[in-house]
Amino acid sequence: MKRKVLYIEPVVSKIVDSLRAYLSQSKDIGTELEVISLAEGPRHLEYYSYGALVVPKILKIIKEAEKENFDAAIIGCFYDPGLRESREIAEKLVVTAPAETSMHIATTLGQRFSIIVGRTKWIPLMRENVIKYGFKDQLASFQSIDMGVLDLQIDSEETKRRIVQTAEKAIKKDGAEVIILGCTHQFGFYKKLQSILGVPVIDAALAAFNYAEFLVNLRNKHGWYFNKKNEYLSPTHEEIEDWKLSDLF
């Protein structure tokens, strides 16, 4: 079954090629993957203000992806910026994001999970998402490795060392049964980490991508898609045109 999937780096990014190569190793037969980033804007979303700046750009990309007959789009940031908004304006496009996806998978694989973040600055918004998605009781802890987003792929051995150190604390002291890597730029480390830690380690970028493939299959085989009558009810085309909003997204 063919699927056309778009992975969106919702920042100006230098890792598009390496991320595409990495995700392509795990794609299903028949999946066509495209990875893009923003042409202008912030290079990370570690601040609320940066996140607010990119949501309109994400919405525009989502609408374009649907016009270009993509089956799914992934918003590649663990804050899940614009996820609900994107599902609201999508008509048949599957939209996923790393945090929601990773938590669903983690709570299937174990009773409690810990999220490894770069900086403590990230935790309040991520905690809000944990609660919003209904996983408050399954959260063992957040653990910070004291690294910014742009640092994570510079020295992979140092990044892995810090993740192991904090993940071991989460497992031994907090009772975590599953570790979630709480940034998509922590990609590529999970196999080595699993071999050291002995528990499932969720790579957020990979989880969101493979979950998107899964949801496309469910949509195509069974007609299971986001409920468009309540939370994800779309604004009417007439209203969008009447208010001249079509150029905005």
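A few remarks follow.
- Among the residues of region 17-30, those that are surrounded by 15 or more Cβ atoms within 10 Å (Cβ to Cβ) and among the aliphatic types (A, V, I, L, M) comprise Leu19, Leu23.
- Those residues of region 16-44 which are farther than 17 Å from Ile61 by Cα and either part of a helix (DSSP H, G or I) or among the aliphatic types (A, V, I, L, M) (or both), in sequence order: Asp17, Ser18, Leu19, Arg20, Ala21, Tyr22, Leu23, Ser24, Ile29
- Residue count for region 87-107, restricted to those that are outside any helix (DSSP H, G or I) and of a type in the set (Gly, Ala, Ser): 2
- Top-ranked residue in region 81-117 [being farther than 24 Å from Asn230 by Cα and of a type in the set (Ser, Thr, Tyr); ranked as surrounded by the fewest Cβ atoms within 10 Å (Cβ to Cβ)]: Thr108
- Ile74 vs. criteria assigned to a strand (DSSP E or B) and in contact (Cβ under 8 Å) with a residue 24 or more places away in the chain: yes
- The residues on offer are Val216, Val199, and the sole one that is more than 20 Å from Val117 (Cα to Cα) and in contact with an Asp or Glu (Cβ under 7 Å, 6 or more places away or on another chain) is Val216.
- Only one of the listed residues (Pro124, Pro81) is in contact (Cβ under 8 Å) with a residue 60 or more places away in the chain and either part of a helix (DSSP H, G or I) or within 29 Å of Gln165 (Cα to Cα) (or both). That residue is Pro81.
- Considering only residues in region 191-216 that are in contact (Cβ under 8 Å) with a residue 24 or more places away in the chain and out of contact with any strand residue (DSSP E or B) (no Cβ under 7 Å at 6 or more places or on another chain), the one that is farthest from Ala167 (Cα to Cα) turns out to be Asn210.
- The residues of region 37-57 include none that are among the hydrophobic types (A, V, I, L, M, F, W, C) and in contact with a strand residue (DSSP E or B) (Cβ under 6 Å, 6 or more places away or on another chain).
- Criterion applied to Thr166, Thr184 was being hydroxyl-bearing (Ser, Thr, Tyr) and out of contact with any helix residue (DSSP H, G or I) (no Cβ under 7 Å at 6 or more places or on another chain), and the one residue passing it is Thr166.
Read the figures in this text as sums done on the coordinates, not as results from a lab. Everything numeric here is computed off the predicted structure, so don't read it as measured data. Backbone-built Cβ (ideal geometry, glycine too); neighbour counts: all protein chains shown.
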